[in-house]
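To keep things clear, I will list the structure first and then write my remarks on it.
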Amino acid sequence: MLSIILIVLVTFVFMEGVAWFMHKFVMHGFFWNLHEDHHNKKLRPHPPFERNDSFFVFFAVLSMSSFGLWSLSGFILFLGIGIGIFIYGMAYFVVHDLFIHQRIKIWTRTKNPYLRALRHGHKMHHKNLNKEDAECFGMLWVPMKYFKREFKS
């Protein structure tokens, strides 16, 4: 039981690195055409949905493939990876779509310094409408300058 929990936790933490890499080099790289409407509301073909929402499919396929490999092999590692990716995806939805971008207005205010720093860092990312010169590509990792800012206020 402890091994599956460890695999899930390691996968969840690893996914933050994967998400950062994908955001910086794929979404702001060769798939900018799918991500650009996330930065510029005028480019959204079917609000509230964005072309950017298609990226969830990639991660869903990774998670489902891990579950499939586990069901075929019985190898517990695949189960832990599938669960870890799934939990990260749920966290992404709650933090990014509900809290930061407020697609559903249920979590509009907070006094928590970490969450405020997270929201501010993401706003700084969106300050730039171009694929170059952006900053703050992670979802849960808050650069220290935003974290320090919230403790000063």
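Take R149, project a point 7 Å from its Cα along the Cβ direction, then tell me which residues of the stretch 92-116 have their backbone nitrogen under 12 Å from it. Residues 116 fall inside that zone. Ignoring lysines fewer than eight residues from K148 along the same chain, the ones with Cα atoms less than 29 angstrom from its Cα are K24, K105, K111, K123, K127, K131. Placing pseudo-labels 7 Å out from each Cα toward the beta carbon at I76 and Q102 gives an inter-label distance of 4.5 nm. Residue separation of D53 and N33 scaled by 0.36 nm, minus their Cα-Cα distance, works out to 6.0 nm of gained length.
In terms of packing, defined here as the mean over residues of other Cβ atoms within 10 angstrom, the peptides 58-64, 76-82 line up highest first as 76-82, 58-64. When only Cα pairs below 8 angstrom with a gap of at least 6 residues are kept, the stretch 2-152 shows a relative contact order of 28 percent. Between K24 and A60, the simple spin-label model (points 7 angstrom out along Cα→Cβ) gives 2.8 nm.
Spatially, the stretch 1-76 and the stretch 110-148 are offset by 19 Å when compared through their Cα centroids.
Calculated mean residue ellipticity, 222 nm, the chain: -18500 deg cm²/dmol, from DSSP H runs (n ≥ 4) at -39500 (n - 2.57) each, averaged per residue and rounded to 500. Across every direction, the projection of the convex hull enclosing the Cα atoms of the stretch 1-149 has a mean area of 10.3 nm². The residue list S73, Y146, W32 was ranked by how far each Cα lies along the charge dipole of the stretch 2-152 toward its positive end, using unit charges on Cβ atoms, and Y146 comes out on top. Taking Cα atoms only, the orientation of helix 113-127 departs from the longest principal axis of the chain by about 70 degrees.
We did not get these values from a lab; they are worked out from the coordinates using the rules stated. Treat the numbers as computed from the prediction; the structure is a model and nothing was measured. Positions of Cβ are generated from backbone atoms using ideal geometry, with glycine treated the same way; all protein chains shown enter the neighbour counts.
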